[in-house]
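Peer 1: Starting off with a structure, shown below.
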Amino acid sequence: MTTATTPAPAVAAVPRIDLVLLGVALASVSLSAPLIAATAAPALAIAFWRNALAVGALTPVAWFKYRARLRALTRREVGLTLGAGGLLALHFGLWLPSLSMTSVASSTALCTTTPIWTTVALRLRGHRPPALVWSGTLAACVGVLLLTGVDLSLSSRALAGDALALGGGIAAAGYVLLGAEVRKSVDTVPYTYLCYATAAVGLLAASLVSGADLTSYDAGTWAKLAVLTLAAQLLGHSLLNRVVASLGPSVTSTAILLETPGAALIAALWLGQQPPVLAYPALLVILAGLALVVRANRAN
């Protein structure tokens with residue numbers, strides 16, 4: 001990652017299709033938590049298979065259409081992409097296990113602190129985010145807290161889970177920042193292909209070390225893993241990687257907070273879980289925070 005930072009591109013110049021794709025991406029990643037909750041497989045195995053299956057799906061396109069571009073990647077582009085893949089693996093490897101160690105509310109709230117760390121990292125790299133970015137980021141995070149609640153336990157296991165979730169949020173910020181840097185010069189498919197492959201290798205190693213069962217699943221579990229890969233990984237993460245080049249890391253990471261109310265609404269429709277009373281007010285707060293971040297980037 002370079003030390004020099006260019007301000008995020010003006011949102012006014014963003015193609016409308018990218019805003020549409022962002023909406024599709026957010027709807028797709030919102031399926032992630034309900035699908036994971038309904039999938040009878042170890043957390044690390046779920047994380048591995050969603051990346052490995054995505055690599056398998058992308059291989060024909062990557063090798064037949066983008067082989068020359070893959071071979072032409074510079075050492076810097078490869079290094080940044082491998083770094084992003086490692087951080088993606090770390091994000092999944094920390095966050096998914098935390099769901100079984102602490103409350104889902106605490107895990108979600110701590111993992112979705114990503115835009116705070118993104119803004120801090122941009123500041124450390126020399127970019128001075130406008131006050132509206134800070135205000136919008138904090139407002140959006142408050143919206144997530146309204147939805148999930150504050151449920152921190154003092155048990156050692158729960159505190160360890162909270163720490164894992166927080167680490168997952170920090171890792172996600174690095175993943176978004178590196179992705180924004182690589183996508184300045186690399187197309188979406190070559191980047192996501194190499195990134196997911198790196199994440200899959202890292203998660204496979206973690207699964208083997210932890211002794212996670214990778215194969216003894218019934219047909220229903222494999223079907224849910226396939227849907228998770230198609231929705232959350234290929235549509236969700238891949239489209240986020242597509243639009244981060246034009247929207248910038250601040251807007252993209254803040255928009256990802258909409259995954260939380262989205263997941264709550266999907267769980268209500270699919271799993272019959274009633275959304276919290278504060279779901280809709282929280283959604284409005286998150287949208288208001290995102291609007292402030294978008295406005296700040298437009299002003300720049």
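The values are calculated or read from the model by the stated rules, or taken from the named source; none is laboratory data. Values in this document were obtained by computation on a predicted structure and should not be read as measured data. Using ideal geometry, Cβ is built from the backbone for each residue, glycine included, and neighbour counts are taken over all protein chains shown. Side chains are part of the model used for accessible areas, which takes the heavy atoms of the whole protein and leaves out ligands, DNA and RNA. Shrake-Rupley method; radii C 1.70, N 1.55, O 1.52, S 1.80 Å.
Peer 1: So how far apart, in nm, are the two label points at Val24 and Arg71 if each is 7 Å from Cα heading toward Cβ?
Peer 2: For Val24 paired with Arg71, the spin-label model returns 3.1 nm.
Peer 1: Please grab the % of Cα pairs in the stretch 48-133 that end up more than 23 Å from each other.
Peer 2: Of all Cα-Cα pairs in the stretch 48-133, 48 percent lie more than 23 Å apart.
Peer 1: Go through 67-80, 177-190, 42-55 and give me the packing order, highest mean Cβ count within 10 Å leading.
Peer 2: By packing density, highest mean first, the sequence is 42-55, 177-190, 67-80.
Peer 1: Something else: Along each principal axis of its Cα atoms, how long is the stretch 207-254 end to end? Whole angstroms, biggest number first, please.
Peer 2: On the principal axes, the stretch 207-254 reaches 42, 25, 14 Å in Cα extent.
Peer 1: Residues in the stretch 42-82 near a label at Ala223, defined as backbone nitrogen under 20 Å from the 7 Å Cα→Cβ point?
Peer 2: Correct set: 42, 46, 49-50, 53-54.
Peer 1: Under a Cβ-only charge scheme (Lys and Arg +1, Asp and Glu -1), can you give me the dipole magnitude of the stretch 111-250 about the Cα centre, in debye to the nearest 20?
Peer 2: So the dipole magnitude of the stretch 111-250 works out to roughly 500 debye.
Peer 1: I'd like the accessible area for Asp213, computed on protein heavy atoms only with a 1.4 Å probe and all protein chains in place. Round to 10 Å², please.
Peer 2: Probe radius 1.4 Å; accessible area of Asp213 about 60 Å².
Peer 1: In whole Hz, with x marking every Gly and Pro, tabulate ³J(HN,Hα) for the stretch 237-254 from phi via Karplus 6.51 cos²θ - 1.76 cosθ + 1.60, θ = phi - 60°.
Peer 2: Each residue's phi maps through the Karplus curve to give 5, 5, 6, 5, 5, 5, 8, 5, 5, 9, 7, x, x, 5, 5, 5, 5, 5 Hz.
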